[in-house]
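One structure is given below, encoded as structure tokens.
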Amino acid sequence: MVARTANVSRVAVSRAFNPHASIKPAKRDMILRVAQELNYTPDRAARSMVTGRSHLVGVIVPDVCSPWESQEIDALTTALQAEGFATLLFKTRIDLSMDETLLTYMKGYNPDSVIAFTENVRPQILSRVLDRAVPIYVVYGDDDGAGDAPGGPLTDRLRVVQRTGIEQAVALMQGYGARRIAFLSGVRQSLATVEREKLVRRVLAERGLPPPVLMAGDYTYDTAYRETLSLFRVQGGVDAVFAANDVGAFGVMDALRHELGRRVPEDVQVVGFDDILQAHWKSYNLTTVKIDLIERVQAFVRLILARLRNPGQPALTETIVTRLVVRGTVG
């Protein structure tokens, strides 16, 4: 009906609803206007049977309420919708594993791509339920992380280079006199946390500083607050605290200021990781290692589009580099 009313071919109507198809802007606008007047929307299921694509992207996350995850999901969903994709959100168990029922649901949706933000859902597990989709993983190690073991499932990777930002943070703290530095960890199952701790140890050693005092964190405010009280009341305190995420750094700062009577940064320096939106709030004004969220999301979209254009190509890797954002908690 749209084609007949707009006096165009059915192919033209199909192209008008495909953001990547070649069609003159004026013609696309006219067809979409006619479709709106007729209350027409394409049948995605029928189109999927013809094209072999569902225009769905699965996203596997460990958490949906913490600031970093919620901000990334929001930015990623917006970017994917702009490219004509809808998002399917799957949440892992507390141990970061995936419920078998959810894996069955994922198979039923037949997504074009899957982004796994938790490394515990291994490629071997996803390969059982994915048809043509190649999963995307985030890697934090020093190597490029491309592909997988020989003979294993094909994966694409987003590599986050953490060393650059960590080196800048340690140099700044040391430059302002810090020698005894604590590292507040995140969830122990997280490879991001493991790699951050390894790099902090390595950079401290390279700069002639003692190993970090370890604080057992889990990315939450309350645990960071409690561990900070223990560190200063029982273990004698430190010159600086390097937190594995910004929310943990907020807990450290509030414990120092409101219960321990310590000034930040005059008495204790604090550095976070991520640069969430709240990090610039004047109450915290946090110096932090930034993972550029927009750059990260754009890299995910490039990986998805490149894989769909050429499904048979070898493993793909995008790389982003962290950097230090200096505010008011070191100095």
Checklist entry - Among the listed residues ASP267, ASP246, ASP275, which satisfies the condition of being more than 29 Å from the chain's Cα centre (by Cα) and closer than 24 Å to GLY175 by Cβ? => result ASP267
Checklist outcome for this item: Of the listed residues (VAL247, VAL187), the one being in a helix (DSSP H, G or I), within 20 Å of ILE276 (Cα to Cα) and of a type in the set (A, V, I, L, M, F, W, C) is VAL247
Checklist entry - Can you find even one residue in region 33-41 that is modelled with pLDDT of 85 or more, more than 32 Å from the chain's Cα centre (by Cα) and not in a loop (DSSP other than H, G, I, E, B)? => result yes
Checklist entry - Any idea which of (1) surrounded by fewer than 17 Cβ atoms within 10 Å (Cβ to Cβ); (2) of a type in the set (A, V, I, L, M, F, W, C); (3) closer than 17 Å to GLU227 by Cβ is the one PHE250 doesn't satisfy? => result (1)
Checklist outcome for this item: Scanning region 84-128 for residues that are surrounded by fewer than 14 Cβ atoms within 10 Å (Cβ to Cβ), within 21 Å of the chain's Cα centre (by Cα) and within 18 Å of LEU56 (Cβ to Cβ) gives GLY84, LEU89
Checklist entry - Under 9 Å by Cβ, and 6 or more places apart or on different chains, what pairs join a residue from region 239-267 that is among the basic types (Lys, Arg) with one that is part of a loop (DSSP other than H, G, I, E, B)? => result ARG257/ARG263; ARG257/VAL264; ARG262/GLY237; ARG262/VAL268
Checklist entry - Within region 175-192, which residues are surrounded by 15 or more Cβ atoms within 10 Å (Cβ to Cβ) and either within 12 Å of PHE242 (Cα to Cα) or among the aliphatic types (A, V, I, L, M) (or both)? => result ALA178, ILE181, ALA182, PHE183, LEU184, SER185, GLY186, VAL187, LEU191, ALA192
Checklist entry - Checking LEU231 against (1) closer than 21 Å to ASP275 by Cβ; (2) crowded, with 20+ Cβ neighbours inside 10 Å, which single condition isn't satisfied? => result (1)
Next on the checklist: Can you report the number of residues in region 98-144 which are free of Cβ contacts under 8 Å to residues at least 12 places away in the same chain and under 20 Å from LEU316 (Cβ atoms)?
Outcome noted: 2
Checklist entry - Looking at (1) part of a loop (DSSP other than H, G, I, E, B); (2) outside the structural domain of ARG263 (by TED's automatic domain parsing), which is the one condition that is false for ALA299? => result (1)
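The values are calculated or read from the model by the stated rules, or taken from the named source; none is laboratory data. This structure is a prediction, so every number in the text was calculated from the model and none was measured. Note: ideal-geometry Cβ built from the backbone for every residue, glycine included; neighbour counts use all protein chains shown.
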